[in-house]
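Okay, structure first, notes after.
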Amino acid sequence: MSSVTQRIKQIKQPRGGYLPTNFFARTQLDDDKILNEKENVHGINIGIAVDYLTRFTLGESPENAFAISLLGAKKIKKETTARDLLSKINGLDDKSIINACKLSGFDVCFRSTPRGYKPIEYINPDVDTIENIRIMIERSLSFFQEYGPITKSGFTFDGGYTRTVIAGDGDFCTKDTIWDFKVSKRHINPAHSLQILMYYIMGLHSKHRFLNKIENLGFFNPRLNIVYLCPVSSISKEIISKVETEVIVYE
């Protein structure tokens with residue numbers, strides 16, 4: 001029993017991946033901004049902070065935007081600390097970004113195991129890191145102005161999980177596209193493309209009707225400011241069937 005990301009690490013994909021990354025067209029966006037070279041916070045935490053602060057800035061309540069962080073904090077009995085941090089998030093000012101980074105440290109307790117938790121007191125983004133996060137959020141907001149609006153965020157695949165894959169949640173949906181955010185310094189890889197394909201397939205098996213209307217699979221990387229887009233129509237039934245039976249394991 002695994003999450004989507006855990007399951008991907010367990011299997012060996014065919015050469016090039018179940019869904020080769022060249023199925024995704026790349027579009028480079030440009031805002032004339034250059035990120036600082038060095039950051040002092042782990043990339044995973046930065047990615048979480050960018051994701052959740054983007055949701056918050058787009059109008060989600062703080063409780064919804066940082067729901068996973070709160071659940072993780074509750075698992076280690078630090079919900080009071082988490083809610084105190086949450087109460088001090090008001091926008092994209094320095095203090096809000098610092099508190100969002102600290103809150104991100106609780107996610108591992110819910111998504112994986114409390115054993116992976118490292119004291120959030122050690123998460124202290126410096127000036128360069130804060131500036132990078134702010135730029136990436138601003139890029140995300142600009143991205144959704146062009147590719148949005150968002151119809152769903154932080155959604156699950158209830159009814160689409162199996163005994164093998166029991167957890168996994170999507171970042172964003174627009175009218176006809178599932179979007180996943182990545183803040184890596186590198187382009188998407190076969191693990192990423194399989195992840196979003198699993199989301200699509202589990203969505204088809206789920207009880208959520210809006211996931212039956214998906215026509216594209218997409219990534220946005222606000223660090224690289226690149227959009228990756230793959231029409232579902234370009235993915236063969238054979239590929240989908242293999243992932244259903246070999247990876248997600250529908251019976």
### Summary
Here the residues within the stretch 30-45 that are closer than 24 Å to LEU197 by Cα and hydrophobic (A, V, I, L, M, F, W, C) are ILE44
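Quick grid of which residues meet (1) hydrophobic (A, V, I, L, M, F, W, C); (2) farther than 23 Å from CYS230 by Cα; (3) surrounded by 14 or more Cβ atoms within 10 Å (Cβ to Cβ):
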site	(1), (2), (3)
ASN124	no, yes, no
ILE133	yes, yes, yes
PHE144	yes, no, yes
TYR147	no, no, yes
PHE155	yes, no, yes
### Message
I need the full set of residues from the stretch 86-102 which are in a helix (DSSP H, G or I) and touching a residue at least 12 places away in the same chain (Cβ under 8 Å), in order please.
### Response
LEU86, ASP94, SER96, ILE97, ILE98, ASN99, ALA100, CYS101, LYS102
### Task
Determine whether the stretch 106-113 contains at least one residue that is of a type outside the set (A, V, I, L, M, F, W, C), outside any helix (DSSP H, G or I), closer than 24 Å to GLY148 by Cβ and not assigned by TED's automatic domain parsing to the domain that holds LEU224.
no
### Message
Of all residues being of a type in the set (D, E, K, R) and in contact (Cβ under 8 Å) with a residue 12 or more places away in the chain in the stretch 209-251, which is surrounded by the most Cβ atoms within 10 Å (Cβ to Cβ)? Just the residue, please.
### Response
ARG223
### Query
From ALA82, ALA73, which residue is in contact with a Phe, Trp or Tyr (Cβ under 9 Å, 6 or more places away or on another chain) and either touching a residue at least 60 places away in the same chain (Cβ under 8 Å) or within 20 Å of GLY168 (Cα to Cα) (or both)?
ALA73
### Query
If you scan the stretch 21-40, which residues turn out to be assigned to a helix (DSSP H, G or I) and surrounded by 13 or more Cβ atoms within 10 Å (Cβ to Cβ)?
THR21, PHE23
### Query
Could you list, in sequence order, the residues of the stretch 41-92 that are loosely packed, with under 13 Cβ neighbours inside 10 Å and either under 23 Å from ARG139 (Cβ atoms) or among the hydroxyl-bearing types (Ser, Thr, Tyr) (or both)?
GLY59, SER61, THR80, SER87, ASN90, GLY91
### Query
Residue check: is GLY47 of a type outside the set (A, V, I, L, M, F, W, C), part of a helix (DSSP H, G or I) and either in contact (Cβ under 8 Å) with a residue 60 or more places away in the chain or in the same structural domain as GLY154 (by TED's automatic domain parsing) (or both)?
yes
### Hits in the stretch 210-220 (condition: more than 23 Å from GLU251 (Cβ to Cβ) and in a helix (DSSP H, G or I))
PHE210, LYS213
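The values are calculated or read from the model by the stated rules, or taken from the named source; none is laboratory data. Just so it is clear, the model here is predicted, and its values are computed rather than measured. Cβ atoms come from the backbone with ideal geometry, glycine included; neighbour counts cover every protein chain shown.
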